[in-house]
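For reference, the structure is listed below as structure tokens.
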Amino acid sequence: MSLTDDRAALDQWYTLGALQDFPAGAEVPSRLLGEDLTVRRLTDDVEVRAAGRALPVRTDYGHLWTSFGTPERDLFELPESREPDRRWIHCGPVRVRASGLRLVENFLDLAHFPYVHTDILGSEAHPEVARYEVEQRRDVDELWATKCEFYQPKAAAASDEGQISKYMYRVVSPFNVMLYKTPPTAPDRWDVIALFVQPADEAVSVAHAFMLVIDLTSTDAELSAFQQMIFVQDKIVLENQRPSLLPLQPGRETPTRADLSSVLYRRWLKEKQLRFGTEPRTDLQSTDLPHA
């Protein structure tokens, strides 16, 4: 059995990595929610076992998914994966000494662009986060941030000049998030950049970045290297955040107007009563959105 008794964490789908990371015939060790796993791939079939029992398996979007429990919902829909002109880019796993929830929250944060990704995704001369909208879509149990805009000196691997990038963020489960971003070469469409987080332990995570992009000029290696460079910059910050677990207790961290998506995310986690990867707390009330 898993080492956690957190039902909200157990009843979720998690990726263990891209299918290409599991060679046929090999037995690959992995870890999820504090439990050691083994993954064995036999041609088209994949088996995931923990403590002698087989776990459910899905192989969607080029990734291997599993769960310790019984998820209430099927795996999220990603219609862009069916568009034939999109590039599928698997950026490789990155181990981070931080709660997986911290990784998702960092992914949602527009305000850090000028200071962590200086002269790439942001510029210190343009630090302002324009007003954007957040909502919880209860019919699909997802969080969305829309109407996000930010000046970026190099918005993507194919960029050769700065642009005002438009963003949408979509949190499909506590440990899986994606952004939709205007590509430099197709401003009427959206690139999709996903972060599938594998919470190995409460304060150790593996980030699996996945891209569905419209780019006719960059190589797969260039696209992957650009995304890896961005995430390595984030990794430095994430591993130095204190506490490493995500605090949900009011007053532990003070949000600003730019943190609307983070505030909604924490409220959603509390509503789900998720505990894995969070600081122990006694408060059971929801965090309020900051005032304008």
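Computed from the coordinates by the stated procedures, all read-outs in this text should not be read as laboratory data. Everything quoted here is computed from the prediction, not taken from an experiment. Neighbour counts run over all protein chains shown; Cβ positions are idealised from the backbone, glycine included.
Descriptive notes on the structure:
- Model label points for Thr219 and Val232, set 7 angstrom from Cα along the Cα-to-Cβ axis, are 1.7 nm apart.
- Estimated FRET transfer efficiency when R0 is 35 angstrom, pair Glu47-Arg82 (beta carbons, to 0.05): 0.80
- Computed over the range 1-111, Kirkwood Rh from alpha-carbon pairs, angstrom: 15.6
- Backbone N under 19 Å from the Lys147 label point (7 Å along Cα→Cβ), restricted to the range 167-191: 167-171, 180-182
- Summary of packing: across the peptides 7-17, 68-78, 221-231, the per-residue average of other C-beta atoms within 10 Å ranks them, highest first, as 7-17, 221-231, 68-78.
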